[in-house]
There are 2 protein chains.
Amino acid sequence: MDYKIIETKERVLADNDAAAEATRALMRKNGTLLVNLMGSPGAGKTSVLLRLIALLGDRYRIGVMEADVDSDVDAKTVAAAGVRVIQLHTAGLCHMDADMTARGIAELDVGGLDLLFLENIGNLVCPAEFEIGADLRMMLLSVPEGDDKPLKYPLMFTVSDLILFNKIDTAPIFDFDADTAAARIRALNADAVCMPVSAKTGEGMEAVAAFLEARIAERRAEA
Amino acid sequence: MDYKIIETKERVLADNDAAAEATRALMRKNGTLLVNLMGSPGAGKTSVLLRLIALLGDRYRIGVMEADVDSDVDAKTVAAAGVRVIQLHTAGLCHMDADMTARGIAELDVGGLDLLFLENIGNLVCPAEFEIGADLRMMLLSVPEGDDKPLKYPLMFTVSDLILFNKIDTAPIFDFDADTAAARIRALNADAVCMPVSAKTGEGMEAVAAFLEARIAERRAEA
């Protein structure tokens with residue numbers, strides 16, 4: 001009997017890319033910059049968001065989608081900062097995909113937003129494989145994790161546009177060399193922008209805010 | 001037309017559990033204690049392994065299976081410590097499953113080993129879902145990740161038997177309270193054993209080695 005071979009993973013990724021493209025078009029129409037924020041558990045994603053909200057919140061309308069396997073501790077924290085927030089639960093799934101993101105966008109009401117963050121599940125593997133339709137992939141590598149992570153999770157560093165070395169204030173006590181990390185990233189991704197920051201002390205965060213402002217201005221010019 | 005609904009995920013997990021049971025039986029027959037070592041990227045899994053090899057390597061025969069998405073930096077490091085090592089590549093997959101583990105065991109030649117570690121992919125989501133047939137699930141929560149991780153990745157903390165709070169020497173500079181972390185873990189898993197350690201300074205590592213020795217003795221008594 002004849003039979004058909006279905007490449008499950010390729011099919012899933014192709015469907016996902018189509019949904020991501022629809023989100024990308026919607027964001028362009030809306031004049032909203034969508035940022036996919038990724039990193040390991042505890043890399044400081046929520047703390048970086050809070051810094052950016054403090055630096056940009058008076059001039060731009062900001063929304064946040066908090067993705068978690070469970071719990072809503074981050075959504076509560078971010079809501080207290082006064083921005084539009086929605087909590088998304090992945091029910092055990094280790095990443096957000098484009099469909100789940102689109103549903104979050106529909107629920108949140110993104111009309112009038114200049115800047116929309118998706119705080120993805122803390123994970124360096126799966127979120128790198130799934131486009132969500134973001135205009136910018138921003139990734140945190142936290143200093144305590146070590147400067148060898150680009151060697152071990154290459155896809156994440158390959159697909160990210162902006163990579164923040166967070167907790168840089170702790171570099172003296174950890175085996176982390178920012179130049180080594182940056183060289184390892186550039187070997188995978190020549191266009192990646194690397195910035196050392198500390199969400200705790202605020203060091204470097206104004207440069208990140210300025211980077212985002214330039215992207216918001218480009219987006220507005222397109223709309 | 002009549003049709004059958006296939007619960008893909010349940011089927012995958014049921015097949016996995018059968019393979020895990022076979023590994024468990026093999027380990028029991030061999031008198032080998034199999035430890036599934038899990039944690040976030042950069043939590044210190046390899047450094048903890050090196051400490052345990054230094055503490056136990058003269059009295060026990062130890063093997064290590066290093067699982068990575070890519071690269072072999074950890075396998076090189078561990079091989080230099082003089083134990084039997086194999087590198088497993090998951091080709092993009094975010095966890096090890098029981099079949100992949102069984103293949104690693106077949107390749108490594110585990111005859112005569114007292115203690116066999118699988119260093120799993122750095123990830124707090126997927127490895128928690130897949131039994132590999134381990135006798136002990138040992139998990140690292142590193143201090144810089146924060147004491148809220150049990151709230152956000154509950155399954156990992158629910159399925160782990162021994163949870164090490166690594167990098168405890170850095171607790172004064174991070175928002176990490178060991179009592180709070182332990183209370184959050186106990187709410188999910190009353191039987192979990194929590195131990196503060198530092199693979200860097202060696203603090204607490206002798207207690208972990210003693211814990212493993214007691215389990216090795218039990219395993220030998222069974223064989």
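Can you tell me which of B:VAL110, B:VAL73, B:VAL125, B:VAL78 is under 30 Å from A:ILE173 (Cβ atoms) and touching a strand residue (DSSP E or B) at 6+ places or on another chain (Cβ under 8 Å)?
Of B:VAL110, B:VAL73, B:VAL125, B:VAL78, the one residue that is under 30 Å from A:ILE173 (Cβ atoms) and touching a strand residue (DSSP E or B) at 6+ places or on another chain (Cβ under 8 Å) is B:VAL78.
B:ASN123: under 26 Å from B:MET27 (Cα atoms) and within 12 Å of chain A (Cβ to nearest Cβ), yes or no?
Yes; evaluated as a whole, the condition is true for this residue.
Please indicate, with yes or no, whether at least one residue in the range B:188-197 is in a helix (DSSP H, G or I) and surrounded by fewer than 19 Cβ atoms within 10 Å (Cβ to Cβ).
Within the range B:188-197, one or more residues are in a helix (DSSP H, G or I) and surrounded by fewer than 19 Cβ atoms within 10 Å (Cβ to Cβ).
Could you check the range B:25-71 and list, in sequence order, the residues that are surrounded by 18 or more Cβ atoms within 10 Å (Cβ to Cβ) and among the charged types (D, E, K, R)?
Residues satisfying the conditions are B:LYS45, B:ARG51, B:GLU66, B:ASP68.
Quick test for you: out of A:LEU26, A:LEU118, pick the one residue that is away from chain B (no Cβ under 14 Å) and either within 15 Å of the chain's Cα centre (by Cα) or over 27 Å from A:GLU218 (Cα atoms) (or both).
A:LEU118 is the lone residue from the list that is away from chain B (no Cβ under 14 Å) and either within 15 Å of the chain's Cα centre (by Cα) or over 27 Å from A:GLU218 (Cα atoms) (or both).
Do we find that A:MET138 is hydrophobic (A, V, I, L, M, F, W, C) and under 11 Å from the mean Cα position of the chain (by Cα) in this structure?
So A:MET138 passes the test.
Answer yes or no: is there a residue in the range B:152-171 that is acidic (Asp, Glu), under 17 Å from the mean Cα position of the chain (by Cα) and modelled with pLDDT of 95 or more.
yes
Which one of these is within 11 Å of chain B (Cβ to nearest Cβ), touching a helix residue (DSSP H, G or I) at 6+ places or on another chain (Cβ under 6 Å), closer than 21 Å to B:ALA199 by Cα and not basic (Lys, Arg): A:PRO144, A:PRO154?
On inspection, the qualifying residue turns out to be A:PRO144.
Anything in the range B:198-223 that is part of a helix (DSSP H, G or I), in contact (Cβ under 8 Å) with a residue 60 or more places away in the chain and under 18 Å from the mean Cα position of the chain (by Cα)? List them, or say none.
Selection gives B:MET205, B:GLU206, B:VAL208, B:ALA209, B:LEU212, B:GLU213, B:ARG215, B:ILE216, B:ARG219.
Quick one: A:VAL110 ticks every box in (1) more than 28 Å from B:ASP68 (Cα to Cα); (2) within 12 Å of another protein chain (Cβ to nearest Cβ) except a single one, so which number is it?
(2)
Among the residues of the range B:168-179, are any touching an Asp or Glu at 6+ places or on another chain (Cβ under 7 Å) and touching a residue at least 40 places away in the same chain (Cβ under 8 Å)?
No, there is no match, as no residue in the range B:168-179 is touching an Asp or Glu at 6+ places or on another chain (Cβ under 7 Å) and touching a residue at least 40 places away in the same chain (Cβ under 8 Å).
Please go through the range B:66-94 and give me each residue that is away from chain A (no Cβ under 12 Å) and assigned to a loop (DSSP other than H, G, I, E, B), ordered by number.
B:ALA80, B:ALA81, B:GLY82, B:VAL83
Against the condition in contact with a helix residue (DSSP H, G or I) (Cβ under 6 Å, 6 or more places away or on another chain), surrounded by fewer than 18 Cβ atoms within 10 Å (Cβ to Cβ), part of a helix (DSSP H, G or I) and hydroxyl-bearing (Ser, Thr, Tyr), how does B:THR170 come out, does it pass?
No; evaluated as a whole, the condition is false for this residue.
Collect the residues in the range A:193-202 that are among the aliphatic types (A, V, I, L, M) and either under 17 Å from A:VAL143 (Cβ atoms) or modelled with pLDDT under 95 (or both), keeping them in residue-number order.
A:MET195, A:VAL197, A:ALA199
Take B:ASP135 and tell me if it is more than 14 Å from chain A (Cβ to nearest Cβ) and surrounded by fewer than 23 Cβ atoms within 10 Å (Cβ to Cβ).
Here the answer is yes, as B:ASP135 does meet what is asked.
Of everything in the range A:157-184 that's charged (D, E, K, R) and under 21 Å from B:GLU145 (Cα atoms), which residue is nearest to the other protein chains (Cβ to nearest Cβ)?
Among those residues, the one meeting the criterion is A:LYS167.
Please work out which one of (1) in a loop (DSSP other than H, G, I, E, B); (2) under 15 Å from the mean Cα position of the chain (by Cα) is the condition A:LEU49 fails and give its number.
With respect to (1) in a loop (DSSP other than H, G, I, E, B); (2) under 15 Å from the mean Cα position of the chain (by Cα), A:LEU49 is out only on (1).
Pick from the range A:81-107 the residues that are in contact with a strand residue (DSSP E or B) (Cβ under 7 Å, 6 or more places away or on another chain) and farther than 30 Å from B:HIS95 by Cα: which of them is surrounded by the fewest Cβ atoms within 10 Å (Cβ to Cβ)?
A:GLU107
Report, by residue number, each residue of the range B:104-126 that is within 28 Å of A:MET96 (Cα to Cα), in contact (Cβ under 8 Å) with a residue 60 or more places away in the chain and not in a loop (DSSP other than H, G, I, E, B).
B:LEU118, B:GLU119
The values are calculated or read from the model by the stated rules, or taken from the named source; none is laboratory data. Note that the coordinates shown come from a computational prediction; the quantities given were computed from them, not determined experimentally. No Cβ is skipped: glycine too gets one built from the backbone with ideal geometry, and neighbour counts run over all protein chains shown.
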